[in-house]
Amino acid sequence: MKTPPPDTSHPAEHAGNTIASLRKAATNCRACHLWEHATQTVFGEGSSHASIMLVGEQPGDREDTTGHPFVGPAGSILSHALTAVGISREEVYVTNAVKHFKFELRGKRRMHKKPIDAEIVACHAWLQREIELIAPRLIIALGATAARSLLGRTTPIKVNRGKLLEYATGISLLITVHPSFLLRVPEENKDEEYEHFVNDLNLAKPFLG
Ligand code: URA
């Protein structure tokens, strides 16, 4: 008897048609090796009718332990900046390009490690399904990893940030920096960079509702 061919499909392909069913299926995702050391899958959250979807890089330490996206220091900056432009976290959908925390241990500290291309590609099917189900009118790519996942290629953030691009029919794309960049900039540039970030996010305002 012939053995059947191995199942090479991505788990996202048969994870159902709701965000809840995707989230459930993603808890057991083995599409790359990042699940091995992470505490849990951190799936997207927010309004399932959101007209704006924000895409970050990957969960950080706090997100990994709580299971929710953007609840750590970068999340605080993001929430603050959204409030500054009159957008509440409740009315948007927030997710990440990569759904497991990648880190290296330094002593007892888990230090963030940037995902490599293969990990971004392995996780893309989840993001794609989130986009299909939420059907936002605007996607905001927060930083290089999100832009890489969405566009399928690396994109210089500095030259592409702060303008509305076309992502797909009926879906615009706004690229800006990752909020954790604002945590790292020298003190003397922090206000200016934060203002720049808020100005970028301001372009999202007309997409609300
Ligand atoms: N950084 C991200 O890109 N996503 C999070 O959820 C938290 C920090």
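Scanning region 1-39 for residues that are in a loop (DSSP other than H, G, I, E, B) and touching a residue at least 60 places away in the same chain (Cβ under 8 Å) yields a count of 10. Answer yes if at least one residue in region 194-204 is in contact with a strand residue (DSSP E or B) (Cβ under 9 Å, 6 or more places away or on another chain), surrounded by 19 or more Cβ atoms within 10 Å (Cβ to Cβ) and closer than 21 Å to His10 by Cβ, and no otherwise. No, region 194-204 has no match at all.
Table: residues versus (1) among the hydroxyl-bearing types (Ser, Thr, Tyr); (2) more than 10 Å from the ligand (Cβ to nearest atom); (3) without any contact (Cβ under 8 Å) to a residue 40 or more places away in the chain.
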{"position": "Thr65", "(1), (2), (3)": "yes, yes, yes"}
{"position": "Val85", "(1), (2), (3)": "no, yes, no"}
{"position": "Arg89", "(1), (2), (3)": "no, yes, no"}
{"position": "Val92", "(1), (2), (3)": "no, yes, no"}
{"position": "Val98", "(1), (2), (3)": "no, no, no"}
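Among the numbered conditions (1) surrounded by fewer than 20 Cβ atoms within 10 Å (Cβ to Cβ); (2) under 19 Å from Gln128 (Cα atoms); (3) within 16 Å of the ligand (Cβ to nearest atom), the only one that Thr39 does not meet is (2). Based on what the data block shows, is Pro59 buried (at least 24 other Cβ atoms within 10 Å of the Cβ) and either modelled with pLDDT of 95 or more or within 10 Å of the ligand (Cβ to nearest atom) (or both)? Answer is yes for this residue.
Residues that are without any contact (Cβ under 8 Å) to a residue 60 or more places away in the chain and either within 11 Å of the ligand (Cβ to nearest atom) or aliphatic (A, V, I, L, M) (or both) within region 71-83 comprise Val71, Gly72, Ser76, listed in sequence order.
The values are calculated or read from the model by the stated rules, or taken from the named source; none is laboratory data. Keep in mind that what you see is a predicted model, and the values were worked out from it rather than measured. Neighbour counts are summed over all protein chains in view; Cβ atoms, including those assigned to glycine, are modelled from backbone coordinates with ideal geometry.
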